[in-house]
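In what follows, a single structure is set out as structure tokens and then discussed.
The values are calculated or read from the model by the stated rules, or taken from the named source; none is laboratory data. On a predicted model such as this, the values are computed, not experimentally measured, just so you know. Cβ: placed from backbone, ideal geometry, glycine included. Neighbour counts: every protein chain shown. Note: areas computed on protein heavy atoms with side chains; ligands, DNA, RNA excluded. Shrake-Rupley method; radii C 1.70, N 1.55, O 1.52, S 1.80 Å.
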Amino acid sequence: MGSSGINAEYMGSSGINAEYMGSSGINAEYMGSSGINAEYRGEQTNRVLDILHGVLAESLLAIAGFYKLDPGELHRHCGLDFGAMQKTLSDPTDDHGAFFLSPLDLFYYSNDSGTPGYSTTENCALHTDPGCLTIIPLSDVPGLMVLDSKRGWLEAEKAGLAPNKHAVVISNHRLMHAVKHLAGDSGLPLIQETLHRVAKEDDRPRLSACYEIRSQSEIPVLRGCSS
């Protein structure tokens, strides 16, 4: 596992089912201005959130297995409740209340060449995320760039994956430190926090979503994204 996070080839049919994703990603019709507040979330958005959360929960288990770590210890060092996480996988009625600080973000990039500063400003500047893992369903408009330590910048939407069906899972700051603490002497390559950005690769508007699992003690960071 390189600095580009968790390769999408490890995500099987439990990934992002196109049935629940509109052609522009997660349909804004189901998202209120308050983000993922249940009052504004429709049935389809709830289903999408269940899928995204489930992929990240399974990814954490896979990472624990790769490093031969106790899953409970990995979750604890990530500031997560392992029992609560398992409940989200086993109980279809669970509302993910224990993870209310984990944001589901929706980003709209106009890609309008008439916008002031268009030629000198990226849609979303180079950054890492503060939490544990982030999942980003691929948009039908390219732009997501992920830095790999050996191969350089990878263009996610041009990697042969299907938009609105496949997703990229990236490793974040909190997970990097947890793995370093628990598996630093394992001799295995350690997970790094993933540098990523959103470039202007197309003149069509880009709508994309991401879901990030954070602990109860995360401090939000400014993301430097334009709309």
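Out of the residues in the range 91-122 that are at pLDDT below 90 and among the hydroxyl-bearing types (Ser, Thr, Tyr), state the one that is farthest from Lys200 (Cα to Cα).
Thr93
Inspect all residues belonging to the range 100-115 and state whether any of them is open to solvent by 50 Å² or more (accessible area, probe 1.4 Å), of a type in the set (A, V, I, L, M, F, W, C) and under 22 Å from Glu73 (Cα atoms).
Yes, some residue in the range 100-115 is open to solvent by 50 Å² or more (accessible area, probe 1.4 Å), of a type in the set (A, V, I, L, M, F, W, C) and under 22 Å from Glu73 (Cα atoms).
Could you tell me which of the residues Leu175, Leu161, Leu147 is more than 20 Å from Arg47 (Cβ to Cβ), at pLDDT 90 or above and open to solvent by 20 Å² or more (accessible area, probe 1.4 Å)?
Leu147
Looking only at the range 73-83, which residues are open to solvent by 20 Å² or more (accessible area, probe 1.4 Å) and either small (Gly, Ala, Ser) or in a helix (DSSP H, G or I) (or both)?
Those that are open to solvent by 20 Å² or more (accessible area, probe 1.4 Å) and either small (Gly, Ala, Ser) or in a helix (DSSP H, G or I) (or both): Glu73, Arg76, His77, Gly79, Phe82, Gly83.
Exactly one condition in (1) in contact with a Phe, Trp or Tyr (Cβ under 9 Å, 6 or more places away or on another chain); (2) open to solvent by less than 10 Å² (accessible area, probe 1.4 Å) is not met by Ser186; state its number.
Ser186 satisfies every listed condition except (2).
Given the residues Ser59, Ser24, which is the only one that is among the polar types (S, T, N, Q) and either loosely packed, with under 15 Cβ neighbours inside 10 Å or at pLDDT 85 or above (or both)?
Ser59
Just give me the residues in the range 62-85 being under 14 Å from Leu182 (Cβ atoms) and in contact with a helix residue (DSSP H, G or I) (Cβ under 6 Å, 6 or more places away or on another chain), in sequence order.
Once the filter is applied, which keeps residues that are under 14 Å from Leu182 (Cβ atoms) and in contact with a helix residue (DSSP H, G or I) (Cβ under 6 Å, 6 or more places away or on another chain), the range 62-85 yields Ala64, Tyr67, Leu69, Pro71, Gly72, Leu74, His75, His77, Cys78, Phe82.
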